[in-house]
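Written out below as structure tokens is the structure these notes cover.
The values are calculated or read from the model by the stated rules, or taken from the named source; none is laboratory data. What you see is a predicted model, and the numbers here were worked out from it, not measured in a lab. We place every Cβ from the backbone using ideal geometry, glycine too, and count neighbours over all the protein chains shown.
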Ligand SMILES: Cc1ncc(COP(=O)(O)O)c(C=O)c1O
């Protein structure tokens, strides 16, 4: 039988089989989602088996406008038809000039007014490396302050700043990193939670840096996410971010905000730093700014622009199509008010998920900002910690992800023990799609909870 897509089930199975056989053991999403996408439009992905899925993963937060948005396709087609070179190393092009205009126009003016941009190898992790090298060069220092739960990428320096022990364990550490406690109200590193936990985190950071016997040499930078994504969708309180800005500014420590996942409207403002109003020294951006194509930049205060020509070079730093798609995306997010829309829909979705907690006690916590939403799944039958949080239930979370997929919904896990269901729909999600996503998530959680020994009841 040949399906509407023109791909037979045999072909689909053969593709999956060959990929599994030939691709590395480190493959990731392909393990959770045995789908062979053949077509995609907006929030919908069609697999080679003819099944349609609502995509709540969006390329790990990359697809601000969903798949193949007309604005993006038009920009790509126009650029192709223009005969512009597709690869130019880092030469000046009209596309780069236009992208830089769109990018600077999207930034908070207090930052943009003094900003320089460096185009990096086209992955978030390379832009993180660039940010670390930039601040190390500017300060002449080596050490980096980074947080528990952080995710900054997989190359050596970014990995050193990342929190996950599992991905670091077999490897030599590539840098001097001082690990600091990120405010995580539900599983508070100080055991108190709420605003008090964030206050203690700030007090701890400040005292540690000022302690002559604290063991921390003056660092090159502090790097943080305003909302931790891979770490389990943990938004930092605005007051805490302002405290980090004050503490770093008072001590001459450059503050790097990693907006790889939060940028371009995802959290309900164009850039996540806008919620707190802080002006960082460095912003790292990738994912959505390329409009589905690979692009990554580091943006920084002009005072830091002291590195030598070629200090962070690379072959793929001038992808013409990504710049055209990215400029179109950034402008569309702004013109269509998609950040505000993300705030509105995100708040509605979060509230509806939160309201399920009474009926479904496997939902330990619901949190997020804009359309970065996390549902932490726990074992309510197991004893809670001092703060009232039950242990994470990764097996249940995996069943929920599977149940979502069976219902035609792509949603990934993250966070400690991979027990946080992460909803990252495109900013273009309609009200109807949002309701469908919530219905499917609710059913999948209820089904998975009912299959646990005590039905998820404490
Ligand atoms: C906050 C953050 N920083 C850096 C990265 C690394 O980006 P990439 O996967 O493009 O290297 C990610 C990826 O998920 C991220 O979420």
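Tabulated values for the structure
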| read-out | value |
| --- | --- |
| Residue match in region 14-23 (condition: at pLDDT 95 or above, more than 16 Å from the ligand (Cβ to nearest atom) and surrounded by 14 or more Cβ atoms within 10 Å (Cβ to Cβ)) | no |
| Counted residues, region 276-291 - those being away from the ligand (no atom under 13 Å from the Cβ) and under 21 Å from residue 72 (Cα atoms) | 1 |
| Criterion: within 30 Å of residue 384 (Cα to Cα), away from the ligand (no atom under 16 Å from the Cβ) and surrounded by fewer than 17 Cβ atoms within 10 Å (Cβ to Cβ) - qualifying residue of 203, 198, 166 | 203 |
| Members of region 97-109 found to be within 15 Å of residue 302 (Cα to Cα) and exposed (fewer than 14 other Cβ atoms within 10 Å of the Cβ), listed by number | 109 |
| Single match in 416, 440, 457, 422 (criterion: at pLDDT below 95, touching a strand residue (DSSP E or B) at 6+ places or on another chain (Cβ under 8 Å) and not assigned by TED's automatic domain parsing to the domain that holds residue 165) | 416 |
| Exclusive hit being within 16 Å of the ligand (Cβ to nearest atom) and surrounded by 23 or more Cβ atoms within 10 Å (Cβ to Cβ), set 333, 273, 375, 362 | 273 |
| Conditions (1) at pLDDT 95 or above; (2) under 25 Å from the mean Cα position of the chain (by Cα); (3) closer than 25 Å to residue 155 by Cβ: number failed by residue 276 | (3) |
| Condition met for residue 117 (away from the ligand (no atom under 16 Å from the Cβ), modelled with pLDDT of 95 or more and over 18 Å from residue 218 (Cβ atoms)) | yes |
| Filter pass, residue 308 being in a loop (DSSP other than H, G, I, E, B), in the same structural domain as residue 76 (by TED's automatic domain parsing), within 22 Å of the chain's Cα centre (by Cα) and more than 30 Å from residue 431 (Cα to Cα) | no |
| Hey, residue 104 closer than 29 Å to residue 224 by Cβ, more than 16 Å from the ligand (Cβ to nearest atom) and in contact (Cβ under 8 Å) with a residue 24 or more places away in the chain or not | no |
| Number of the exception - residue 112 against (1) closer than 16 Å to residue 299 by Cβ; (2) crowded, with 21+ Cβ neighbours inside 10 Å; (3) away from the ligand (no atom under 16 Å from the Cβ); (4) more than 21 Å from the chain's Cα centre (by Cα) | (2) |
| Residue satisfying condition, being closer than 30 Å to residue 223 by Cα, away from the ligand (no atom under 16 Å from the Cβ) and surrounded by 15 or more Cβ atoms within 10 Å (Cβ to Cβ), within set 134, 91, 65, 54 | 65 |
| Residue 352 being in contact (Cβ under 8 Å) with a residue 12 or more places away in the chain and farther than 19 Å from residue 287 by Cα | yes |
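Residue by residue, here is whether (1) within 16 Å of the ligand (Cβ to nearest atom); (2) buried (at least 20 other Cβ atoms within 10 Å of the Cβ); (3) not in a strand (DSSP E or B) holds:
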residue: 219; (1), (2), (3): no, yes, yes
residue: 222; (1), (2), (3): yes, yes, no
residue: 232; (1), (2), (3): yes, yes, yes
residue: 242; (1), (2), (3): no, no, yes
residue: 246; (1), (2), (3): no, no, yes
residue: 260; (1), (2), (3): yes, yes, yes
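Rundown of residues vs (1) in the same structural domain as residue 282 (by TED's automatic domain parsing); (2) out of contact with any helix residue (DSSP H, G or I) (no Cβ under 7 Å at 6 or more places or on another chain); (3) modelled with pLDDT under 95; (4) within 30 Å of residue 375 (Cβ to Cβ), yes/no style:
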site	(1), (2), (3), (4)
58	no, yes, no, yes
80	yes, yes, no, no
100	yes, yes, no, no
103	yes, no, no, no
